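The values are calculated or read from the model by the stated rules, or taken from the named source; none is laboratory data. Note that the structure is predicted; figures quoted are calculated from it, not measured. All Cβ positions, glycine included, derive from the backbone under ideal geometry; neighbour counts span all protein chains shown.
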Amino acid sequence: MPTLGGGARRWRLLLPLALLPLLGGAGGGACPCRDPRLCDPLTGAGGFEVFVFDVGKKAWKSYDWSKITTVAAFGRYDPELMCYAHSKGARIVLKGDVSLKEIVDPAKRAAWISQQVDLAKKQYMDGINIDIEQEVNETSPEYYALTELVRETTDAFHREIPGSQVTFDVAWSPACIDNRCYNYTGIADACDFLFVMSYDEQSQIWTECVAKANAPYLQTLVGYEKYITMGIDPKKLVMGVPWYGYDYVCLNLSKDHVCSLSKVPFRGAPCSDAAGHQVPYGAIMKKVNSSISGILWDEVQKSPFYEYKDSLGHFHQVWYDDPRSISLKAAYAKNQGLRGIGMWNGNSLDYSRESVAEQQTEAMWKALTP
């Protein structure tokens, strides 16, 4: 899930808890689908998971539904999307976010869970993706409360909605990334699977303050090896890949493509990807032709990048993922027996009818399952 700069801090659609039940398009009443059977919850697990985050509007009409198994609806509730996803045999799940301080109290935790189950039922949805991403200390009450939240949410959804799916979003590595020191093994045991956000891997830059890949290949794989070494079953891990990149302004751009960055600290680190700004893949590809470098490839990070000069004369370096870099990671996911793959987010491609955009978009979807 992209973020509002540095680290895995996704766009937040925060609403007062009291308002959430008002969003249900179906309202617990008549099914909004032409075929009422499409309001039935999906049951039975598929094969290789392809997990798509959707942030709203109607881009989903152009998705490659031959691949999708789950859509996490992070935008405004869209009954048309729910009906269509079910018609394609794909689950559609809620976004779950709550302040950890709120759920240390077991009664407040139970109330939040009950609210999410009720909302899922009213909207004929198939589960929930819990996206917390808050700092947690291993000795804090929140550490234990978070694990209990996941376990109790999973128990409630599985009990109330047959075949429902409960997932939890984690950073690219379990090594307390961005001070998220969670009980990773306990959370993995407590839910259906973890969605590993293998992006924003420069949220804390401890080495030289230079532009780097959003999700370097070897660094990404190290994260999975750490999760698996902890004892987490690969079948409990879905690899998240970025359909966006970072545009950095270079303080200095050397002839050998080293882009020095301004120092923007983040959670203790002297530098971070907040020195740049996020750009969706569709917009990135529109700028390639006006770049001064053309598409370059970093063999160590196994990532594409390019450089351009803006109207003020500043040099920029843009790092992103493309079908080549994503295919390498997707091959790892399959070879290691991971549960599947997914992306933040499905809306990031250019779904126009323009022929070049169509080819680029088709290649990105295809790269998920090479």
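For the condition farther than 27 Å from Val166 by Cβ, surrounded by fewer than 20 Cβ atoms within 10 Å (Cβ to Cβ) and at pLDDT 95 or above, what is the one hit in Lys226, Lys263, Lys235? If you could, list the steps in order and put the result at the bottom.
On the way: Lys226 fails: farther than 27 Å from Val166 by Cβ; Lys235 fails: farther than 27 Å from Val166 by Cβ.
The conditions single out Lys263.
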Q. List the pairs whose first member sits in the stretch 88-102 and is on the phi < 0 side of the Ramachandran plot and part of a strand (DSSP E or B), whose second member is buried (at least 18 other Cβ atoms within 10 Å of the Cβ) and small (Gly, Ala, Ser), and whose Cβ atoms are under 6 Å apart, counting only residues at least 6 apart or on separate chains?
A. Ile92/Ala73; Ile92/Ala85; Val93/Ala72; Val93/Gly127; Leu94/Ala120
Q: Within the stretch 137-181, track down each residue that is over 30 Å from Lys121 (Cβ atoms), not in a loop (DSSP other than H, G, I, E, B) and not charged (D, E, K, R).
A: Pro141, Tyr143, Ala171, Ile177, Asn179
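Determine which member of the set Val150, Val136, Val170 is within 30 Å of Leu38 (Cβ to Cβ) and not polar (S, T, N, Q). Lay out the reasoning, then the answer.
Working: Val136 fails: within 30 Å of Leu38 (Cβ to Cβ); Val170 fails: within 30 Å of Leu38 (Cβ to Cβ).
Result: Val150 is the single residue among Val150, Val136, Val170 that is within 30 Å of Leu38 (Cβ to Cβ) and not polar (S, T, N, Q).
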Q) What about Cys250, is it at pLDDT 95 or above and more than 30 Å from Glu49 (Cβ to Cβ)? A) yes
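When the residues of the stretch 182-206 are narrowed to those that are closer than 17 Å to Leu94 by Cα and in a strand (DSSP E or B), which ends up nearest to the chain's Cα centre (by Cα)?
Our first condition is that a residue be closer than 17 Å to Leu94 by Cα; within the stretch 182-206, this holds for 191-195.
Those left that are additionally in a strand (DSSP E or B): 193-195.
On the way: Phe193: 14, Leu194: 11, Phe195: 7 Å.
Step by step, filter the stretch 182-206, then rank; the result is Phe195.
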Q. Quick one: which helices (runs of 4 or more DSSP H) sit completely within the stretch 276-370 and have at least 3 residues that are of a type in the set (S, T, N, Q) and at pLDDT 95 or above?
A. 323-335, 355-367
Q: Go through the residues of the stretch 251-261 one by one and say whether even a single one is touching a helix residue (DSSP H, G or I) at 6+ places or on another chain (Cβ under 7 Å) and either more than 23 Å from Gln359 (Cα to Cα) or touching a residue at least 12 places away in the same chain (Cβ under 8 Å) (or both).
A: yes
**Q.** Subset of the stretch 115-139 (residues that are in contact with a helix residue (DSSP H, G or I) (Cβ under 9 Å, 6 or more places away or on another chain), within 23 Å of Asn183 (Cα to Cα) and polar (S, T, N, Q))
**A.** Gln116, Gln134, Asn137
Q) When the stretch 310-354 is examined, which residues are found to be hydrophobic (A, V, I, L, M, F, W, C), surrounded by fewer than 16 Cβ atoms within 10 Å (Cβ to Cβ) and within 16 Å of Leu221 (Cα to Cα)? A) Ala331
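To keep it simple, each residue is scored yes or no on (1) touching a helix residue (DSSP H, G or I) at 6+ places or on another chain (Cβ under 9 Å); (2) without any contact (Cβ under 8 Å) to a residue 40 or more places away in the chain; (3) farther than 30 Å from Lys255 by Cα.
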residue	(1), (2), (3)
Ile295	yes, yes, no
Lys309	no, yes, no
Asp322	yes, no, no
Arg339	yes, no, yes
Ala367	yes, no, yes
Q.
Consider the stretch 144-179. How many of its residues are at negative phi, charged (D, E, K, R) and in contact (Cβ under 8 Å) with a residue 24 or more places away in the chain?
A. 5
